[in-house]
Amino acid sequence: MKRREKKDMNRLFITGVFLAVPAFLFGSPKTGPGSATRGPQSLEDRVRHELIMQPYYNVFDNLSFHVDSGVVTLTGEVVDPVLKDDAGKSVKHLEGVTEVKNEIEVLPLSPFDNQIRWRTYRAVFGYGPLQRYALGAVPSIHLIVKNGHVTLEGVVGTEMDKELAYVRANQVPGVFAVTNNLRVE
């Protein structure tokens with residue numbers, strides 16, 4: 001290769017790098033970072049966001065919903081009745097929501113259930129391979145306790161983690177039964 005051709009190729013490479021780096025770092029108008037989220041969010045995404053932002057929502061609560069033509073049906077179980085009311089109020093104001101059906105169940109107050117909640121929490125999240133599921137503002141595994149019965153809700157990474165959580169919850173003293181509704185994703 002001639003010296004001049006090599007010099008021209010180096011110049012093209014360097015020019016390409018200087019043009020590509022800003023486009024990569026700052027994004028181009030069509031493919032910039034966040035360009036997929038700049039458009040309007042779906043009603044489902046906005047409802048999900050409002051629910052997970054509830055200040056009293058924790059590992060012992062389970063909130064779910066269904067949207068049908070602007071009608072939002074809230075379901076699940078919560079320990080604190082304030083959370084039920086706040087969830088309904090926060091979703092009601094969203095654009096596109098015509099009606100909110102708040103079918104969230106408030107779990108009975110019970111010192112026995114509270115003991116089981118905390119024992120199950122320690123049994124599941126205190127176990128090394130499952131500790132990562134307790135991280136974050138809203139843990140991916142939720143422990144629902146009603147009258148001594150434990151229901152595992154949420155998402156785990158593997159089938160093995162699903163089974164480990166079930167086994168750990170089953171070993172808690174005072175638990176009558178465990179229902180494993182964990183999904184693997």
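The values are calculated or read from the model by the stated rules, or taken from the named source; none is laboratory data. It should be emphasised that the depicted structure is a prediction, and the values quoted were computed from it without experimental measurement. Don't worry about glycine lacking a Cβ; one is built from the backbone with ideal geometry, like all the others, and counts go over all protein chains shown.
Which one of Val167, Val172, Val184 is among the hydrophobic types (A, V, I, L, M, F, W, C) and under 20 Å from the mean Cα position of the chain (by Cα)?
Checking each option against the conditions leaves just Val184.
Being assigned to a helix (DSSP H, G or I), modelled with pLDDT under 50 and not hydrophobic (A, V, I, L, M, F, W, C) is the filter here, so list the residues in region 19-63 that pass it.
Answer for region 19-63, where residues must be assigned to a helix (DSSP H, G or I), modelled with pLDDT under 50 and not hydrophobic (A, V, I, L, M, F, W, C): just Pro22.
Are any residues in region 102-129 among the small types (Gly, Ala, Ser) and surrounded by 14 or more Cβ atoms within 10 Å (Cβ to Cβ), and if so, which ones?
Scanning region 102-129 gives Ser110, Ala123.
Filter region 85-101 for residues that are surrounded by fewer than 15 Cβ atoms within 10 Å (Cβ to Cβ) and within 15 Å of Ser69 (Cβ to Cβ) and give the result.
The answer is Glu95, Gly96, Thr98, Glu99, Lys101.
Does region 49-65 contain at least one residue that is loosely packed, with under 14 Cβ neighbours inside 10 Å, touching a helix residue (DSSP H, G or I) at 6+ places or on another chain (Cβ under 9 Å) and of a type in the set (A, V, I, L, M)?
yes
Consider Val82 against the criteria (1) in the same structural domain as Gly70 (by TED's automatic domain parsing); (2) closer than 16 Å to Ser64 by Cβ; (3) of a type in the set (Val, Ile, Thr); (4) exposed (fewer than 14 other Cβ atoms within 10 Å of the Cβ): it satisfies all of them except one. Which criterion is unmet?
Of the numbered conditions (1) in the same structural domain as Gly70 (by TED's automatic domain parsing); (2) closer than 16 Å to Ser64 by Cβ; (3) of a type in the set (Val, Ile, Thr); (4) exposed (fewer than 14 other Cβ atoms within 10 Å of the Cβ), the odd one out for Val82 is (2).
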